[in-house]
Amino acid sequence: MTQVMIHPASYENVRQAVDRAFEHFSLKLQDKRVLIKPNVLRASHWNEGIVTHPSVLKAVVEKIETMDPASIIVGDNPGLFSYGANEESFEKTGLMDAAGGHYENIGNDSVNVDFNPDFFTLGESL
């Protein structure tokens with residue numbers, strides 16, 4: 001059964017919404033490696049609405065830190081206009097600070113992987 005949570009929030013009190021989401025959608029992260037991937041489409045100011053808001057990322061990072069994971073990595077690989085400008089994009093958007101020291105350039109080791117049609121059939125919804 002699909003579940004949805006609606007919680008009125010603002011960027012000033014987003015931590016309450018994040019805490020509630022983690023209560024509602026329980027995750028067992030103890031001793032797991034966790035990748036937090038905010039949307040960083042390009043180097044922009046956060047108030048342009050192009051990237052995940054830094055307060056949302058900070059709230060998620062702080063919540064996951066309390067869950068005793070083995071490690072946390074925060075990263076994305078901006079595309080199109082800022083492809084490869086990972087650090088610049090994270091700095092300009094304010095997401096570098098919000099990552100709380102967990103930022104890692106996950107675009108450095110990317111590899112091309114051939115598409116395997118055995119894992120997808122026509123008409124199948126993603």
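All of the numbers you see were taken from the coordinates with simple rules; none came from a lab. Keep in mind that what you see is a predicted model, and the values were worked out from it rather than measured. Positions of Cβ are generated from backbone atoms using ideal geometry, with glycine treated the same way; all protein chains shown enter the neighbour counts.
The three principal axes of the Cα atoms in the stretch 30-105 give end-to-end lengths of 37, 22, 15 Å, sorted in falling order. A Gaussian network model of the chain, with springs between Cα atoms under 10 Å, assigns the largest mean-square fluctuation among H24, H45, H53 to H24. Note on the chain: with a GNM built from Cα contacts shorter than 10 Å, the maximum mean-square fluctuation among V74, V113, V34 falls on V113.
Taking G75, G101, G49 as the candidate residues, the one with maximal mean-square fluctuation in a Gaussian network model of the chain, Cα springs under 10 Å, is G49. Remark: Y11, Y103 ranked as Y11, Y103, counting other beta-carbon atoms within 10 Å and listing the fewest first.
With R₀ fixed at 30 Å, the C-beta to C-beta distance from D31 to E87 puts the FRET efficiency at about 0.55.
What is the total of Lys pairs in the chain with C-alpha atoms under 15 Å apart, excluding same-chain pairs fewer than 8 positions apart? Provide the component values of the computation, followed by the final result.
Numbers: K28/K63; K32/K63; K37/K58; K37/K63.
Lysine pairs meeting both conditions in the chain amount to 4.
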